[in-house]
Amino acid sequence: MSARAKRIAVLADAAIALIAESGMRGLTHRAVDARAGMPAGTTSAYLRTRQALIEAVVQRLADLDRADLTGHELPSGTPSVPPGPSLSPADLDRLAAGIAGVLDHWLSTARARTLARYACLLEAVHRPQLRGILEHGAVLRAQAEDLLARAGAPDPRRRGHRFVAFVDGLLFDRLVGAGALSAPPPGTPASRADLTDAVRDLLRALVDRAATG
């Protein structure tokens, strides 16, 4: 990573923290400078416009999420799914536990990032030029499609897209929805176990050939 890229990553991390705390209204070049501990004018020198700043945030969120999904930033011992042409029921159980670990991470340690991601998505509704944030979800859908195809699910493309939508809804519900009132506290074994059960049930339903398409 170049020196410029490292500096932009630091600024983007500061911006993510600001968005999580104060929403998009709290995101200003001056506030990012202060949060990052940089001299005044640093953010505007690297990211001249507000749109450029938000785009840097979106890219940073995508990069960090990608690292999580490939296991680079997850605690050791996170269950993984072996490569191969097909997945067994035991593989699906390990997959459910792995996904639950990521979700719990996004609800606890990486909670600020998750809040910032949703804030950026809402901003994109009113600013079409930021709709590129939605493109990052295509990677998750492709991965889900591949996994469900290996598990023998019918119509894996459509069911893969549904899987991502359902899991995103689960995450949102646990983060800011009514689920936050009754679910186990994030970052605990109980939370990971509960999320594992939910994801396992979803995977089994989508793989079931008797289920409606």
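The values are calculated or read from the model by the stated rules, or taken from the named source; none is laboratory data. All values reported here derive from a predicted model rather than from experimental measurement. Quick reminder, even Gly has a Cβ in these numbers, built from the backbone with ideal geometry, and neighbours come from all protein chains shown. These area figures cover heavy atoms from the full protein model, side chains too; ligands, DNA and RNA do not enter into them. Shrake-Rupley method; radii C 1.70, N 1.55, O 1.52, S 1.80 Å.
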How do V10, V125 rank by accessible surface area computed with a 1.4 Å probe, from largest to smallest?
V125, V10
[x] 1.01; [y] 1.04; [z] 0.95, with the label sought being that of the calculated Rg/Rh (Cα atoms, Kirkwood Rh)
[x]
Relative contact order of the chain, please, whole-number percent, based on alpha carbon pairs below 8 angstrom and at least 6 residues apart.
21 percent
Could you tell me how far the Cα centroid of the stretch 5-32 sits from the Cα centroid of the stretch 81-147, in Å?
22 Å
Multiplying the sequence separation of D168 and T49 by 0.36 nm and subtracting their Cα-Cα distance, what value in nm do you get?
39.8 nm
By average Cβ neighbour count within 10 Å, what is the ranking of 22-34, 178-190, 51-63 from highest down?
51-63, 22-34, 178-190
The ³J(HN,Hα) series, computed from each phi in the stretch 126-140 with the Karplus coefficients 6.51, -1.76 and 1.60 at θ = phi - 60°, rounded to the nearest Hz and given as x for glycine or proline, is 9, 10, x, 5, 9, 5, x, 4, 5, 5, 5, x, 5, 5, 5
Would you mind working out the magnitude of the charge dipole of the chain relative to its Cα centre, with +1 at each Lys and Arg C-beta and -1 at each Asp and Glu C-beta, to the nearest 20 Debye?
660 debye
For the stretch 158-169, Karplus-derived ³J(HN,Hα) couplings (6.51, -1.76, 1.60; θ = phi - 60°; whole Hz; x for glycine and proline) come out as 5, 6, x, 5, 5, 4, 4, 5, 5, 5, 5, x
Distance in nm between pseudo-label sites at R4 and T109 (7 Å out along the Cβ direction from Cα)
3.2 nm
